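Below is one structure, written out as structure tokens; the observations come after it.
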Amino acid sequence: MANACFSRLFSLSLCLLLCFSLLLCCVKCDDELQILLNLKSAFNESSSTSLDSWKATAGFVCSFEGITCNAEESVKEIELSNQNLTGALPLNLICQLQSLDKLSLRYNLLENFTGEELSNCVKLQYLDLGNNVFEAPFPDQILELKKLNFLDLGYCGIKGRIPRAIGNLTVLTDLQLQNNGLSGKIPVEIGKLHKLRRLQLYDNRLQGKLPVGLRNLTKLEYLDVSRNQLEGDISLLRYLTNMVSLQLTENLFTGIVPAGIWGLPKMVTIDITSNQFEGPITSDIKNAKEIRRLSTKWNKLSGELPEEISEATSLEIIELSSNQFSGKIPRGIGELKRLSSLELQYNRLSGSIPESLSSCRSITVINMAHNHLAGKIPRRIGELKGLSSLELQYNRENPWWNWGTERILSSLELQENGLSGSIPSSLGSSPLLDILDLSQNELSGNIPKSLSSHSWR
């Protein structure tokens with residue numbers, strides 16, 4: 001009898017608990033429905049149609065466009081990127097959603113972001129407010145979101161310094177603060193973000209040296225600090241062995257690029273354009289098996305180009321112009337089967353163009369102007385059917401004119417190369433040719449009639 005009573009009592013308790021849970025769930029659903037309807041009203045001046053599905057008659061917020069719910073049917077994510085939303089960012093409403101862990105309002109026209117109420121979004125892990133028009137200092141309330149692993153405030157008009165407390169967001173894997181008005185130094189505390197994989201600070205007004213703590217970010221894959229006023233050497237970056245993309249363009253960096261950086265095994269892009277780097281590209285470039293783009297334009301790099309560059313067989317773009325490289329062009333360059341662009345202009349390279357270059361069947365641009373090259377252009381260069389631009393001006397070349405009629409060049413520049421003889425009529429068979437410069441040579445004879453049909457730029 002006692003067991004039967006206990007069983008009935010247990011069943012009754014379980015039923016009451018279930019009913020209570022359902023009641024709470026219904027109350028919570030009603031609360032979230034009202035919150036989202038209020039949020040819609042806050043955006044009532046917007047031209048977005050994405051909120052048309054947000055109706056009281058729907059009765060189920062999980063069906064609203066841009067809303068994702070968790071297993072308990074509470075709002076988990078808001079994704080309203082690129083929806084022409086305008087007005088002030090209504091965090092007082094958004095942060096009433098107690099289960100919210102993702103908020104993305106990227107590419108809108110939101111403003112007046114003070115960060116107030118943001119600390120109530122206690123479960124927030126993903127915050128993307130990039131490409132809005134806030135014009136606010138860095139909102140300190142973000143620094144209280146200890147669960148945040150993704151933060152994008154790029155293109156938002158944020159000004160002032162990066163706060164030192166950024167180091168408290170220790171689970172961050174992605175930090176994007178690009179294209180703002182940030183100034184001062186990169187705080188050393190950024191070195192506490194040991195899980196960081198992406199750091200984008202380009203297009204700001206940052207100054208000073210890279211903080212020494214940066215060497216601790218051993219999981220970092222993408223670093224872009226381009227177009228700032230950063231200075232000093234970059235020797236600490238050689239410790240970042242997981243680096244995939246390194247972009248340092250248009251800063252004031254100096255010194256020798258450490259050998260270890262050229263040969264990082266996962267590197268896909270190195271772009272150090274427009275700095276004051278010195279020294280050579282070292283032979284350990286051969287270890288960079290994944291590298292596709294190598295850009296060192298407008299620096300003071302010198303020495304010979306290493307033959308080992310031919311072992312970096314994934315290379316597609318080589319941009320080494322406006323440096324002080326000397327010696328010969330590596331003969332093994334023909335091993336770079338994926339090479340599409342080779343820019344070596346404004347250096348001190350000598351010798352001849354290697355015959356092996358004609359094996360680069362994917363190449364479209366060759367620029368070796370303003371060097372000390374001499375000799376003939378290899379005849380097989382003319383068999384590169386994808387080649388659209390060839391610039392060899394201001395060298396000492398003596399081109400081999402017999403290239404056939406299949407040319408699809410759009411640009412051919414050979415001025416001041418000591419050319420003699422007559423202009424070949426075969427040049428006129430290039431239907432796309434709209435730039436031809438043969439000035440300051442020793443040519444003779446008439447201009448071929450085949451060139452008169454072209455529309456020159």
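Can you pull out every residue in segment 181-194 that is part of a loop (DSSP other than H, G, I, E, B) and surrounded by fewer than 23 Cβ atoms within 10 Å (Cβ to Cβ)? Even if it seems obvious, please write down each step before you answer.
In the first step, residues of segment 181-194 are kept if they are part of a loop (DSSP other than H, G, I, E, B); the result is 186-187, 193-194.
Of everything in segment 181-194, those that are part of a loop (DSSP other than H, G, I, E, B) and surrounded by fewer than 23 Cβ atoms within 10 Å (Cβ to Cβ) turn out to be P187, H194.
Looking only at residues of segment 124-156 that are among the charged types (D, E, K, R) and within 16 Å of N168 (Cα to Cα), we find that the one that is surrounded by the fewest Cβ atoms within 10 Å (Cβ to Cβ) is K146.
Looking across L349, L294, L301, one residue alone is at pLDDT 95 or above, open to solvent by less than 20 Å² (accessible area, probe 1.4 Å) and either in contact with a Lys or Arg (Cβ under 7 Å, 6 or more places away or on another chain) or over 26 Å from R238 (Cα atoms) (or both). It is L349. The single condition among (1) surrounded by 22 or more Cβ atoms within 10 Å (Cβ to Cβ); (2) within 30 Å of T86 (Cβ to Cβ) that L220 does not meet is (2). Cβ separations smaller than 7 Å between residues 6+ apart or across chains give the following pairs from segment 275-294 residues that are closer than 20 Å to L339 by Cβ to residues that are of a type in the set (V, I, T) and in a loop (DSSP other than H, G, I, E, B): E290/V268; I291/V268; R292/V268. Residues that are surrounded by 15 or more Cβ atoms within 10 Å (Cβ to Cβ) and under 17 Å from T364 (Cα atoms) were ranked within segment 423-434; the one that is farthest from the chain's Cα centre (by Cα) is S430. For segment 312-366, a residue qualifies if it is in a strand (DSSP E or B) and of a type in the set (A, V, I, L, M, F, W, C), and the qualifying residues are I317, I318, F325, L342, L349, V365, I366. Suppose the filter is open to solvent by 40 Å² or more (accessible area, probe 1.4 Å), touching a residue at least 12 places away in the same chain (Cβ under 8 Å) and over 32 Å from the mean Cα position of the chain (by Cα); does R361 pass it? No: the conditions fail for R361. Taking the numbered list (1) touching a Lys or Arg at 6+ places or on another chain (Cβ under 9 Å); (2) more than 30 Å from E189 (Cβ to Cβ) in turn, T57 passes all entries but (1).
Taking every residue in segment 136-150 that is closer than 22 Å to S99 by Cα and pairing it with any residue that is aromatic (F, W, Y), at least 6 positions away or on another chain, the pairs with Cβ-Cβ distances below 6 Å are F150/Y126. Of all residues in segment 98-117, those that are on the phi < 0 side of the Ramachandran plot and open to solvent by 10 Å² or more (accessible area, probe 1.4 Å) have Cβ atoms under 8 Å from Cβ atoms of residues that are basic (K, R) and assigned to a loop (DSSP other than H, G, I, E, B), 6 or more apart or on another chain, in Q98/K123; S99/K123; D101/K123; D101/K147. Among the residues making up segment 172-227, a single one is of a type in the set (D, E) and touching a helix residue (DSSP H, G or I) at 6+ places or on another chain (Cβ under 7 Å): E189.
Anything in segment 240-254 that is open to solvent by less than 10 Å² (accessible area, probe 1.4 Å) and in contact with a Phe, Trp or Tyr (Cβ under 7 Å, 6 or more places away or on another chain)? List them, or say none. Listed by number, the list holds a single entry, F253.
Looking only at strands (runs of 3 or more DSSP E) that lie completely in segment 53-124, which have at least 1 residues being under 16 Å from D31 (Cα atoms) and of a type in the set (K, R)?
75-79
Of everything in segment 377-395 that is more than 32 Å from the chain's Cα centre (by Cα) and surrounded by fewer than 16 Cβ atoms within 10 Å (Cβ to Cβ), the residue that is modelled with the highest pLDDT is R380.
Among the conditions (1) open to solvent by less than 20 Å² (accessible area, probe 1.4 Å); (2) within 22 Å of L148 (Cβ to Cβ), the only one that N168 does not satisfy is (1). For segment 255-275, filtering for residues that are more than 18 Å from N299 (Cβ to Cβ) and open to solvent by 50 Å² or more (accessible area, probe 1.4 Å) leaves 2. Residues that are aliphatic (A, V, I, L, M), open to solvent by less than 60 Å² (accessible area, probe 1.4 Å) and more than 17 Å from S81 (Cβ to Cβ) within segment 43-69 comprise A58, V61, listed in sequence order. If the condition is being aliphatic (A, V, I, L, M) and in a helix (DSSP H, G or I), then segment 367-388 contributes only I381. Does S310 satisfy the criteria of being surrounded by fewer than 20 Cβ atoms within 10 Å (Cβ to Cβ) and within 20 Å of V188 (Cα to Cα)? Judged against the criteria, S310 is not a match. Scanning segment 30-42 for residues that are open to solvent by 20 Å² or more (accessible area, probe 1.4 Å) and in contact with a Leu (Cβ under 6 Å, 6 or more places away or on another chain) returns N38, K40. One residue alone among S439, S422 is closer than 15 Å to A369 by Cα, modelled with pLDDT of 80 or more and among the polar types (S, T, N, Q), and that residue is S439. Residues in segment 147-167 that are modelled with pLDDT of 95 or more and assigned to a loop (DSSP other than H, G, I, E, B): 8 in all.
The values are calculated or read from the model by the stated rules, or taken from the named source; none is laboratory data. Quick caveat: nothing in here was measured; it's all calculated off a predicted structure. Glycine gets a Cβ as well: all are built from the backbone with ideal geometry, and neighbour counts include every protein chain shown. With ligands, DNA and RNA removed, areas are computed over all heavy atoms of the protein, side chains included. Shrake-Rupley method; radii C 1.70, N 1.55, O 1.52, S 1.80 Å.
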